[in-house]
Amino acid sequence: MNKFVKIILLLVALSLCLTGLIACDKCADGHTFNDDNVCSICGKKKCDVEGHDYVNGVCKLCDEDFPMEDYVAQCQLDMNSNTKKYTAANIVRMYIDGDTTHFNVPVSDKHPEGVLKARYLAVNTPESTGQVEPYGKVASNYVHETLQAAIDNGGSVLVESDTDDNLWNNDSYGRTLAWVWYKPDAESDWRNLNLELLQKGYGYGSSASDNRYGEYCMNALQQAVKAKLIVHSKLKDENYYYGTAKEIDLKELRTNFDQYDGIKVAFEGYVTGSYDGSTYVQWYCEEDDLYYGISVYYNGSNAKIKDALNIGNHVRVVGTAQNFNGSWQVSGLSYNVVNSKDPNNTIKLDGVGEPVEPVELTIPEFNSNRTVNVYDPNSEDTVPKTFKLHQLLVDTSVTMKNLTITRIYTTPSGTSKGAMSLYCEDSNGNKITVRTEKLYKLNESTGLYDLVTQDEFEGKTISVVGMVDWYNYNNNNEYQIRVTNYTDILIVE
């Protein structure tokens with residue numbers, strides 16, 4: 001072999017070596033992946049090299065499922081521990097949101113009204129009541145559906161304290177810190193719902209390791225984060241409205257609630273009343289000669305919002321329409337302190353309108369039919385629709401005169417202990433219920449306010465001012481007048 005050929009062969013060999021080195025160096029510095037997620041140099045799949053990229057428990061590159069560990073099944077309830085426990089057939093009193101539920105418990109010094117307002121330990125779900133956040137309703141619905149299904153399917157619900165001293169502990173808001181367990185049916189084992197919320201990605205950790213089930217909670221939380229489940233997915237909540245507020249009037253909102261559930265809305269009206277963290281706003285529709293009203297939940301809002309919602313103010317309200325335990329309200333009010341002209345601010349409008357006088361009604365009028373033209377957001381047409389008048393007037397201020405009280409029921413216990421239902425009739429025997437909150441009147445001799453009892457109203461004829469109120473009694477829709485102040489009931493005779 002001559003010298004020239006040897007040189008050529010040496011250069012070829014060197015070239016091959018250099019190619020190999022370049023390839024190795026290139027992969028060492030970073031693989032080059034094609035559209036099919038395969039490295040164009042070494043042929044390895046991206047998932048094999050860099051690991052799976054999971055979103056909601058499925059790899060978005062190769063569709064492989066995350067290998068989920070069921071830590072909820074591993075966590076066992078010890079019925080012989082010294083933790084405080086309570087279970088009963090009618091234990092659930094009210095579903096609030098994803099990490100708060102009210103339970104019926106025996107009356108005690110710790111729970112004098114027989115209500116345990118449970119704040120779930122270890123987990124913090126997005127807000128869905130006063131403030132509305134992405135995935136808040138998703139988490140709230142999961143808790144409601146899970147516990148209700150357990151009750152309906154013959155299972156059980158149990159509330160447990162965290163410590164072994166047989167005591168309940170409260171958070172800074174007075175809520176009881178608790179573990180909530182459930183049996184899906186009579187034959188199933190107990191499952192820890194707090195832990196399940198973490199494991200399924202419905203909430204974030206809240207002191208997740210600092211409790212009796214901390215190891216399980218941390219494992220479940222870390223797994224949910226790695227699998228990028230729900231709140232950790234960074235995906236948009238399909239049930240949450242991210243858009244700007246929809247400009248509507250209160251008639252459209254009151255007659256189309258299902259269309260606006262979870263939607264941010266903006267409307268005008270006058271503040272007519274306030275009670276227990278909510279204010280009542282109503283607006284006059286000239287076409288129908290009716291006032292339409294709504295409850296606006298402002299508790300926890302900043303001072304600017306609270307000042308705007310003083311009784312008598314003409315206001316523009318911006319918030320999220322939602323169904324809360326069967327009743328409609330607007331909540332999640334916002335105010336941009338940096339920009340007072342932000343269109344999403346709830347504000348007092350310039351100018352003062354005429355005071356809103358309560359609508360005077362008789363009982364037959366209260367129960368009469370009323371046909372109004374209702375806007376259909378889907379077809380963008382208006383169509384006539386017939387309602388009972390009291391359906392249209394929910395959360396609107398009304399007055400009725402000369403009602404004779406035939407019977408009184410006083411709530412004996414719970415948070416409404418002392419509230420009364422006054423069963424009334426007019427001169428023609430037409431019936432209506434006046435529901436009071438706990439009423440207080442000034443005792444002039446002591447200077448203190450005393451609780452008003454039913455003796456004050458037994459057999460009396462009264463005139464009342466109150467809000468039209470809806471409630472569910474034995475799965476029937478009932479409408480009544482709700483009174484919050486003693487001065488709103490005038491004893492006629």
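The values are calculated or read from the model by the stated rules, or taken from the named source; none is laboratory data. As the structure is a prediction and not an experimental result, all values here were calculated from the model. Don't worry about glycine lacking a Cβ; one is built from the backbone with ideal geometry, like all the others, and counts go over all protein chains shown. Note: areas computed on protein heavy atoms with side chains; ligands, DNA, RNA excluded. Shrake-Rupley method; radii C 1.70, N 1.55, O 1.52, S 1.80 Å.
Would you check which residues across the range 26-60 are open to solvent by 90 Å² or more (accessible area, probe 1.4 Å), at pLDDT below 70 and assigned to a helix (DSSP H, G or I) and list them?
26, 29 - these are the residues of the range 26-60 that are open to solvent by 90 Å² or more (accessible area, probe 1.4 Å), at pLDDT below 70 and assigned to a helix (DSSP H, G or I).
Which members of the range 306-355 meet the condition of being open to solvent by 20 Å² or more (accessible area, probe 1.4 Å), among the β-branched types (Val, Ile, Thr) and in a strand (DSSP E or B)?
347
Listed here are the residues, each with its yes/no results for (1) assigned to a strand (DSSP E or B); (2) without any contact (Cβ under 8 Å) to a residue 12 or more places away in the chain; (3) in contact with a Phe, Trp or Tyr (Cβ under 7 Å, 6 or more places away or on another chain); (4) surrounded by fewer than 16 Cβ atoms within 10 Å (Cβ to Cβ).
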| site | (1), (2), (3), (4) |
| --- | --- |
| 418 | no, no, no, no |
| 429 | no, yes, no, yes |
| 433 | yes, no, yes, no |
| 442 | yes, yes, yes, yes |
| 446 | no, yes, no, yes |
| 450 | yes, yes, yes, yes |
| 465 | yes, no, no, no |
| 472 | yes, no, no, yes |
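Under the condition of being part of a loop (DSSP other than H, G, I, E, B) and in contact (Cβ under 8 Å) with a residue 24 or more places away in the chain, which residue from the range 175-197 is nearest to residue 222 (Cα to Cα)? Working first, answer last.
Restricting attention to the range 175-197, the residues satisfying the condition of being part of a loop (DSSP other than H, G, I, E, B) are 175, 184-190.
Narrowing the set further to residues that are in contact (Cβ under 8 Å) with a residue 24 or more places away in the chain leaves 175, 184-186, 188-190.
On the way: 175: 27, 184: 25, 185: 29, 186: 31, 188: 26, 189: 24, 190: 23 Å.
Here the residue is 190.
Which residue is nearest to the chain's Cα centre (by Cα), if the candidates are limited to the range 78-113 and must be crowded, with 18+ Cβ neighbours inside 10 Å and hydrophobic (A, V, I, L, M, F, W, C)?
96
Any idea which residue in the range 474-486 is surrounded by the fewest Cβ atoms within 10 Å (Cβ to Cβ), counting only those that are touching a residue at least 12 places away in the same chain (Cβ under 8 Å) and outside any strand (DSSP E or B)?
Among those that are touching a residue at least 12 places away in the same chain (Cβ under 8 Å) and outside any strand (DSSP E or B), it is 485.
Going by what's in this entry, would residue 138 be described as closer than 24 Å to residue 412 by Cβ and either among the hydrophobic types (A, V, I, L, M, F, W, C) or over 26 Å from the mean Cα position of the chain (by Cα) (or both)?
Against the criterion (closer than 24 Å to residue 412 by Cβ and either among the hydrophobic types (A, V, I, L, M, F, W, C) or over 26 Å from the mean Cα position of the chain (by Cα) (or both)), residue 138 does not qualify.
Read through the list (1) surrounded by fewer than 22 Cβ atoms within 10 Å (Cβ to Cβ); (2) assigned to a loop (DSSP other than H, G, I, E, B); (3) touching a residue at least 60 places away in the same chain (Cβ under 8 Å), then give the number of the only condition that residue 210 fails.
Only one criterion is unmet by residue 210, namely (3).
Using the structure shown, decide if residue 411 is without any contact (Cβ under 8 Å) to a residue 12 or more places away in the chain and either closer than 30 Å to residue 453 by Cβ or open to solvent by less than 30 Å² (accessible area, probe 1.4 Å) (or both).
yes
Identify the single condition in (1) assigned to a loop (DSSP other than H, G, I, E, B); (2) without any contact (Cβ under 8 Å) to a residue 40 or more places away in the chain; (3) touching a strand residue (DSSP E or B) at 6+ places or on another chain (Cβ under 8 Å); (4) open to solvent by 50 Å² or more (accessible area, probe 1.4 Å) that residue 218 does not satisfy, given that it satisfies every other one.
Among (1) assigned to a loop (DSSP other than H, G, I, E, B); (2) without any contact (Cβ under 8 Å) to a residue 40 or more places away in the chain; (3) touching a strand residue (DSSP E or B) at 6+ places or on another chain (Cβ under 8 Å); (4) open to solvent by 50 Å² or more (accessible area, probe 1.4 Å), the lone unmet condition for residue 218 is (1).
State the number of residues belonging to the range 61-72 that are within 28 Å of the chain's Cα centre (by Cα) and surrounded by fewer than 16 Cβ atoms within 10 Å (Cβ to Cβ).
Taking the range 61-72 as the starting set, the residues that turn out to be within 28 Å of the chain's Cα centre (by Cα) are 70-72.
Restricting the remaining residues to those that are surrounded by fewer than 16 Cβ atoms within 10 Å (Cβ to Cβ) gives 70.
Residues flagged as within 28 Å of the chain's Cα centre (by Cα) and surrounded by fewer than 16 Cβ atoms within 10 Å (Cβ to Cβ) within the range 61-72 amount to 1.
Could you run through the range 186-204 and say how many residues are in contact with a strand residue (DSSP E or B) (Cβ under 7 Å, 6 or more places away or on another chain), open to solvent by 20 Å² or more (accessible area, probe 1.4 Å) and under 22 Å from residue 235 (Cβ atoms)?
Selection size over the range 186-204: 1.
Can you name every residue in the range 221-231 that is surrounded by fewer than 18 Cβ atoms within 10 Å (Cβ to Cβ) and basic (Lys, Arg)? Please lay out each step first, then the result.
Looking only at the range 221-231, we keep the residues that are surrounded by fewer than 18 Cβ atoms within 10 Å (Cβ to Cβ), and these are 222, 225-226.
Answer for the range 221-231, where residues must be surrounded by fewer than 18 Cβ atoms within 10 Å (Cβ to Cβ) and basic (Lys, Arg): just 226.
In the range 145-173, how many residues are within 17 Å of residue 95 (Cα to Cα), buried (at least 18 other Cβ atoms within 10 Å of the Cβ) and not β-branched (Val, Ile, Thr)?
Residues meeting the conditions: 4.
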